[in-house]
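Structure first, commentary second.
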C-alpha cells in the first residue's frame, strides 16, 4: 500500500472519530449530571470496556519497555485536564466563546508539530487550517455584537487552556508509536479516571437511564473514538489532523438538526461550508 493510500485511510479514521465525537452532546443533554461526573463515567466505562475486550482476546500482556512512561502519564493528565477546563469554560461563558477558544487547538497543534515533529507546513495544510478557523469563527460569532464581560474573558481563557491540553494530548500520541491504540487508550482513560475520582466521590450515583447513556458515551464516544483517532493520527500529518478536527463541531450542529430540529443560521451554513471545503482540500490532495 502506498503512502498516499495509507494517509487516506488515516483520514477516514480521523473523520470517523470526529463524527462520533460530534454526537456526544446529544447524549450529554439527556444526562442530568454535572460535567465532571459525565467526564468521569466516560473514562471509567471506556477503560472497563477496553480491559474487558483485551481480556476476552487474551491480550493483557502489558509491555511498556521502550516507551516513555512520562509521555503516557502526560497523555492521561492532558486528556482529563482538556475536558475539565473545556467544561469550566462552558459553565461561565457563552458556548460560542468557549468553543471558539477551544478550537484554536488545531492552530496550536500545527505549531507544535513544526517545532517538535519537524513537519513541514504544506500549502494545503495551511489553507485547510485557515478555512477551518474562519469557518468556526463565522459559525459561532456570526451575528453576535455583544461585548465580552470579565467573566466571559475568563471563560475564553479556560477554553484556550483546554485547547493547549488537547494539542499536547495529540502531540504526545504521535510521539508514542510502538504501543497499540487499544493499550494506549486504556492507559489514557485509566489515568484520567484516577485523576478525576477525588473530584466526584461526593456526588450520588447516576440513575439507571443516565448510567446506560454514560455507558454508550464511554464505549462509543470515548474508547472507540479515541482508538480511531490514535490510529488515524499515526498515519497522518498532525497539521492535517488539526484541520480535519473542525469536523467535530460541524457534525455536532448536524446532529442537533436531526435529533432536536435545531435549524442552523445562514452564518452556520457559510461557516460549515468553509470547514467542509478545507477538509476536502486535505482529503483530495
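Just so you know, all these numbers are worked out from the coordinates, no wet-lab data involved. Given the structure is predicted, the values throughout are model-derived calculations rather than measurements. Here the Cβ is made from the backbone with ideal geometry for all residues, glycine too, and neighbour counts use every protein chain on show.
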*Counting alpha carbon pairs within less than 8 Å and at least 6 residues apart, what relative contact order, in whole percent, applies to region 3-284?*
43
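Return the inverse of the average 1/r over all pairs of distinct C-alpha atoms in the chain, which is the Kirkwood hydrodynamic radius, in Å to one decimal.
On the way: mean 1/r = 0.0517 Å⁻¹.
Hydrodynamic radius (Kirkwood, Cα only) of the chain equals 19.3 Å.
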*Zone residues, region 110-125, relative to residue 6, backbone N less than 17 Å from point 7 Å out along Cα-to-Cβ*: 119-120
_Approximate spin-label separation residue 137-residue 71, in nm, with each point projected 7 Å along Cα-to-Cβ_ = 3.4
*State the extension gain, in nm to one decimal, for the chain segment bounded by residue 53 and residue 122, taking 0.36 nm per residue of separation less the distance between their alpha-carbons.*
20.9 nm
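Using the Kirkwood formula on the Cα atoms of region 111-231, what hydrodynamic radius do you get, in angstrom to one decimal?
Details: mean 1/r = 0.0552 Å⁻¹.
Answer for region 111-231: a Kirkwood hydrodynamic radius of 18.1 Å.
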*Say each of residue 29 and residue 153 gets a label point 7 Å from the Cα, pointing the same way as Cα to Cβ; how far apart are those two points in nm?*
3.3
